[in-house]
Amino acid sequence: MLRRLLTVAAVVLFGVSASADDKKGTAVEVAGLKGTAPANWKEDKPSNAMRLLQFKLEKEKGDAEDAEIVVFSLPGGGGIDANLKRQEAKFKLADGVKKEDAVKVEDTKFGDYKGKYQDIKGTLLFKAAPFDPNAKVTEKEKFRQLYVIFEDDDKKTISIWLLGPEKTVEKHKKGFDEFIKSFKK
């Protein structure tokens, strides 16, 4: 019952909702657009109040952990360019790797919204409390993040990321791309 109330509150406040159908996947609504998450994504309880939706994606053989999909909606948020730079700052590039080889950014669409699609590979500088300047940083090598960001009609910054070990992210990239393309009015 509490989960249902929280889902209704998220739809009212942020325009985000999800409902599962084991065969077709999870119907999701973000910024007034409807899409479908792949059936093999496991909806997860958001780990903090800033996360509107969260899915766990099964790890690829040989990887130490699963990947996750997260949907955020923030009023303001500094805009698209500032957020792209913040995502880059979460990663350290391997010695000898050029930024243009590790960080790719291209224009994309999320339904009718224009946005950016960023693909980053490197060592994740993980902080359990990302906004705490004193939080311990754990380096996670060979990580990758696919990141889509746009502003909705209310000028909220909406971002969706797929983050995890490189092989696991590659395993789920097609599903992530199809998920992003699935959103329509």
key: Residue among 48, 97, 73 farthest towards the positive dipole end of the chain, charges placed on Cβ   = 48
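Give 85/184; 34/140; 24/98; 59/116; 24/167; 92/171 a once-over and call out the pairs whose C-alpha atoms are over 30 Å from each other.
Values: 85/184 28 Å; 34/140 34 Å; 24/98 40 Å; 59/116 26 Å; 24/167 25 Å; 92/171 22 Å.
Beyond 30 Å between Cα atoms: 34/140; 24/98.
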query = Mind checking the angle between helix 79-89 and the chain's longest principal axis? C-alpha axes, 0 to 90 degrees, to the nearest 10.
reply = 40
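Based on the mean of other beta carbon atoms within 10 Å per residue, what is the order of 159-167, 85-93, most packed first?
Details: 159-167: 22.0, 85-93: 15.3.
Highest to lowest by the protection proxy: 159-167, 85-93.
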Calculated log₁₀ intensity ratio I(q)/I(0) where the Debye formula runs over C-alpha points of the chain, q = 0.11 Å⁻¹ = -0.47
query = Nearest 10 degrees, 0 to 90: what angle lies between the long axis of helix 166-181 and the longest principal axis of the chain (Cα atoms)?
reply = 40
query = For helix 2-14, what angle does its Cα long axis make with the longest principal axis of the chain, in degrees from 0 to 90 and rounded to 10?
reply = 80
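Each value in this text was obtained by applying a stated rule to the coordinates, not by laboratory testing. For clarity, every value in this text was computed on a predicted model and none was experimentally measured. Glycine gets a Cβ as well: all are built from the backbone with ideal geometry, and neighbour counts include every protein chain shown.
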